[in-house]
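Written below as structure tokens is the structure these notes are about.
The values are calculated or read from the model by the stated rules, or taken from the named source; none is laboratory data. Predicted, not measured: the structure shown is a model, and the values here were computed from it. All Cβ positions, glycine included, derive from the backbone under ideal geometry; neighbour counts span all protein chains shown. Accessible surface is based on the protein model in full, side chains and every heavy atom, while ligands, DNA and RNA are left aside. Shrake-Rupley method; radii C 1.70, N 1.55, O 1.52, S 1.80 Å.
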Amino acid sequence: KRWRPALLLLTAEAFGADSSRLVDVSALPEVVHNGTLMVDDVEDDSEMRRGKPCIHKTYGVDVAVNAGSAMYFLALPAIDALKGRYPDKTLLRAYQIYAEELRAVSYGQGIDIWWHKGNGGEVSEAQYLQMTALKTGALARMAAKLGALFAAASEKNIRLAGEFAEAVGVAFQIQDDVLNLTAGSEYGKEIGGDISEGKRTLITAHALKHAGTEGRRRLLVILNEKTKNPEKITEAIAIMRSSGSIEYAKRRSREIVGTAWQRFSKTLKP
């Protein structure tokens, strides 16, 4: 679950840096990520997160929004602490990367909200992948780009590291979408919660294209109802399963990472 800090450290090592000097900085994308989860749970009115009630369900919306927003910035002193150990231009670039990717998270979340508020219609696979690259890929990109930056990699290699990490983030989101429909109680969130929220995912995009006229109609109705009715949620999952959409999503996530790794691995020394 803490793969973003590991991604920063491993990227730094891949370009020849001593990752032990960057342990504190590696917390930055994870702290920001946890802040986005608190706010995301408020926006979705979710019940559970990691097997426990969401922060806003326990402490209130005001506390959750304030705490989540604060976490966007709480880890920044870790970059400040590197002053004198890295050139000022490197630290400035680190702040730029942070700002760029935090903006991307907000853009991606905004698109996702717009869709599940009833404006999604039939979202295409390309649209979904773009949204996920912003929403989920951004903090993975941040981690890898910071790792490459502090390893003194070239701007080209920083970009390629970010692209690979983005692919990992997108694949992670696709797998999370799959788990939302197929996992047991160990998942830690409501099973079928994406259906209740009317979310558009790679799975729904594929199903709406391949489920046939009646399956497509029923799936759109259920998604737009934002129902919590277990029978309707089960029906929607059955439509996605019978259209091969869940298996397609699993396969597509592996393809996305594999293609990105082929590009990125060429930058690494044997």
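Residues of the stretch 191-204 that are of a type in the set (A, V, I, L, M, F, W, C), buried (at least 22 other Cβ atoms within 10 Å of the Cβ) and within 17 Å of K226 (Cα to Cα): I195, I203.
Any residue that is more than 30 Å from A17 (Cβ to Cβ), at pLDDT below 95, outside any helix (DSSP H, G or I) and of a type in the set (S, T, N, Q) - is there at least one of those in the stretch 122-143? Among the residues of the stretch 122-143, at least one is more than 30 Å from A17 (Cβ to Cβ), at pLDDT below 95, outside any helix (DSSP H, G or I) and of a type in the set (S, T, N, Q), which makes the answer yes.
Whenever a residue of the stretch 77-94 is without any contact (Cβ under 8 Å) to a residue 12 or more places away in the chain and on the phi < 0 side of the Ramachandran plot, it has no partner that is open to solvent by 100 Å² or more (accessible area, probe 1.4 Å) and of a type in the set (A, V, I, L, M, F, W, C) lying with C-beta atoms less than 6 angstrom away and at least six residues away or across chains.
Here E235 fits the description: open to solvent by 30 Å² or more (accessible area, probe 1.4 Å) and modelled with pLDDT of 95 or more. From the list A183, A126, A99, A138, the one residue that fits, being closer than 24 Å to R50 by Cβ, open to solvent by 10 Å² or more (accessible area, probe 1.4 Å), out of contact with any Cys (no Cβ under 8 Å at 6 or more places or on another chain) and without any contact (Cβ under 8 Å) to a residue 40 or more places away in the chain, is A183. Residue pairs whose Cβ atoms lie under 9 Å apart, sitting 6 or more positions apart in sequence or on different chains, and linking a residue in the stretch 48-66 that is in contact (Cβ under 8 Å) with a residue 24 or more places away in the chain to a partner that is of a type in the set (D, E) and open to solvent by 70 Å² or more (accessible area, probe 1.4 Å), are G51/E186. Taking the stretch 155-176 as the search range and keeping residues that are charged (D, E, K, R) and surrounded by fewer than 24 Cβ atoms within 10 Å (Cβ to Cβ), which one is farthest from T11 (Cα to Cα)? That would be D176.
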